[in-house]
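Read-outs throughout are calculated quantities, based only on the coordinates presented, and are distinct from any laboratory measurement. Model, not experiment: these values are computed from the prediction. Here Cβ is always computed from backbone atoms with ideal geometry, including for glycine, and neighbour counts include all displayed protein chains.
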Amino acid sequence: MSHSRPFLPSYGIAAILLIGAIFVSGALWKLGDVREIQLSQASVQTGVANVGGPFSLIDQDGVRRTEKDFLGRHMLVFFGFTYCPDVCPTTLAVLSAALNEIGPASESIVPVLITVDPARDTPETLRPYLLSFGSNFVGLTGTAEEIAAVANAYHVYYEIVENEGGDYTLDHSAAIYLMGPDGKFVTNYTPNMSPDAIAADLRKSALGES
Ligand code: NI
């Protein structure tokens, strides 16, 4: 009979403690999410976010490029990789369409893909890939350390995900950063924005049109 059992046997207390711990860690996790969202909104609103900075990388022609080479022009910086099946090619196509829509005035805006997969994205891989989006695209690669440093400067997350069979893909954040002629962060866009919306904002934020 179970009548003689204590109200809360020790395993019951353990279970309650465990559920409590899961609840608390879940709440902390959520809190982290909220903070991240608030930080990214703050950066968009103030336009003075601490995003970007010096880099030294190799372009698709094998030439070493630094942030100084882009001073005087705007950069549209996107992190991705050529093996990406969906988000990256879609984003590059959207940027290409937005710049085409602006026309010749967009020559002062340089779209830049910085690879998060430097092991596979050599200059030889980047060159034909980017040509399919336009001759104005600059692709940048480097050593694993150089890529880690520039991703860190732009607050970009990326992670190798191993597939079965020894192959791999990457998870990565997909923000598009507009950097000013002084190399400083201006604003950012998301890959789900239309070419129209990006073009309209670029006219305002980069070309000073009202
Ligand atoms: Ni991608």
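Details
- Taken along the Cα-to-beta-carbon direction at a fixed 7 Å, the label points for S56 and I160 span 2.5 nm.
- Segments 174-181, 52-59, 111-118 sorted - mean Cβ within 10 Å per residue, highest first: 111-118, 174-181, 52-59
- Net dipole in debye of the range 74-144 [+1 Lys, Arg Cβ; -1 Asp, Glu Cβ; about Cα centre; nearest 20]: 80 debye
- DSSP-defined beta bridges in the range 58-210 - what % are antiparallel, rounded to 5: 60 percent
- Multiplying the residue separation of T90 and N136 by 0.36 nm and subtracting their alpha-carbon distance yields 14.9 nm.
- Basic side chains Lys and Arg get +1 at the Cβ, acidic Asp and Glu get -1 at the Cβ, and with that the dipole of the range 54-201 about its Cα centre reaches some 500 debye.
- Net charge of neighbours whose Cβ lies under 12 Å from the Cβ of G183, counting Lys and Arg as +1 and Asp and Glu as -1: 0
- Sparse-neighbour loop sites [trypsin sites (Lys or Arg not before Pro); the range 170-210; at most 14 other C-beta within 10 Å; DSSP]: K184
- Every Cα-Cα pair in the range 88-210 was counted, and those over 19 Å apart are 52% of them.
- Protection proxy ranking, highest mean first, for peptides 194-201, 90-97, 160-167: 90-97, 194-201, 160-167, where packing is the per-residue count of other beta-carbon atoms within 10 Å, averaged.
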